[in-house]
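Single-structure report; data block below.
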Amino acid sequence: MPGAIYAEGLVKTFGDVRALDGVDLDVPEGTVLGLLGPNGAGKTTTVRVLTTLLRPDSGKAVVAGIDVLKHPNEVRRAIGLSGQFAAVDEYLTGRENLQMVGQLYQMRSKAAKARADELLERFNLADAADRTAKTYSGGMRRRLDLAAALVVSPPVMFMDEPTTGLDPRNRQQLWGIIQELVAGGTTLLLTTQYLEEADHLAHDICVVDHGKVIARGTSDQLKARTGGERVEVVVHERDHMATAREVLAGFGKGETSVEEHTRKLTVPVSGGAKLLAEVIRELDGRGIEIDDIGLRRPTLDDVFISLTGHAAERITEENGDGAAAADTTGRKAARKEAAK
Ligand SMILES: Nc1ncnc2c1ncn2[C@@H]1O[C@H](COP(=O)(O)OP(=O)(O)O)[C@@H](O)[C@H]1O
Ligand SMILES: [Mg+2]
């Protein structure tokens with residue numbers, strides 16, 4: 001029995017770019033799939049195909065039990081979409097934007113008004129409800145965009161990089177909102193460039209690159225493939241390295257590696273910040289002076305390097321059109337380079 005979002009062998013080419021090169025997905029009802037990958041990997045194209053905005057060259061897609069290629073209109077009624085391509089009208093107020101979506105879905109105007117008010121309240125936009133979206137900050141826009149996708153409480157939702165370009169506070173806030181939504185039973189496909197985000201929100205993760213799913217699993221499984229969490233210590237005195245190594249061995253769940261010339265020791269651990277505090281206490285108790293210590297978690301780059309042998313290209317600024325365009329050219333150049 002296929003899940004709430006199902007895709008098989010999706011292929012989409014743009015000229016000589018294979019944006020999707022045989023993507024398979026299966027997202028069980030009520031779960032969150034994180035589609036994780038760098039710029040140009042094919043995330044948005046996947047979302048556009050699954051949300052009926054783009055026809056694939058070949059492949060099959062079923063969303064909420066409905067065939068995407070055969071019955072696009074019915075699929076549209078069953079889903080919500082937020083992100084890079086979702087429509088927030090700059091010249092309408094927050095309230096008008098939400099009411100307009102309700103009207104598009106043929107809600108009665110009274111019901112659309114009530115729903116708009118409820119969402120504005122819930123997304124902390126009530127105070128800004130009557131200002132045009134043009135005056136909103138990045139974080140407010142994202143919240144409005146997400147609210148717009150929720151006007152009709154769809155059972156299946158798609159979010160394309162919902163937090164790219166947001167500051168950490170706004171990102172946290174949005175994570176909270178997304179978690180609430182999922183707790184309510186929504187099936188969600190979320191794209192992101194941040195392992196941390198997929199880690200936080202997704203049950204399963206598909207890592208995509210060059211239009212292909214190159215790895216899938218839970219975040220723990222992916223991290224384990226990259227070596228997982230590590231404690232790194234730089235001791236002050238070379239003479240203390242042996243003792244430090246002993247201490248770390250007591251906390252580690254694997255071999256401690258030692259870099260003599262930098263006096264750096266690294267050990268794989270699990271237990272996060274709490275464990276780090278214990279390591280510090282123990283080193284201190286043994287009179288070992290440390291120059292630096294930290295918990296290192298695998299990043300998307302670590303995952304990528306470990307899976308593909310190359311680093312993920314990533315753009316961190318607000319993902320405006322300029323950034324997207326610049327990226328497209330960058331990727332093309334990189335591909336040409338690789339094809340040589
Ligand atoms: N409309 C389009 N025309 C031409 N190329 C496109 C178009 N949309 C996407 N692409 C290309 O397809 C690839 C995948 O793009 P996209 O799905 O937007 O990646 P992501 O969302 O992961 O950054 C990129 O190489 C991109 O340049
Ligand atoms: Mg994209």
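The values are calculated or read from the model by the stated rules, or taken from the named source; none is laboratory data. Fair warning: this is a prediction, and the values are worked out from it, not measured in the lab. Ideal geometry is used to build each Cβ from the backbone, glycine not excepted, and the neighbour counts take in all protein chains shown.
Side notes on the structure shown:
- Selection from the stretch 176-203 of residues that are farther than 17 Å from Ser82 by Cα and more than 14 Å from the chain's Cα centre (by Cα): Ala183, Gly184, Gly185
- The criterion of at least 1 residues that are more than 30 Å from Val23 (Cα to Cα), away from ligand 2 (no atom under 16 Å from the Cβ) and at pLDDT 90 or above is met, among strands (runs of 3 or more DSSP E) falling completely within the stretch 156-271, by 230-235, 257-259, 264-268.
- Boolean, Leu190 is farther than 28 Å from Lys12 by Cα, surrounded by 15 or more Cβ atoms within 10 Å (Cβ to Cβ) and not basic (Lys, Arg): no
- The residue that is farthest from Ala215 (Cα to Cα), among those in the stretch 8-20 that are in a strand (DSSP E or B) and either near ligand 1 (Cβ under 10 Å from one of its atoms) or touching a helix residue (DSSP H, G or I) at 6+ places or on another chain (Cβ under 9 Å) (or both), is Phe14.
- Checked across the stretch 65-85, the condition of being crowded, with 21+ Cβ neighbours inside 10 Å, in a loop (DSSP other than H, G, I, E, B) and within 15 Å of ligand 1 (Cβ to nearest atom) holds for no residue.
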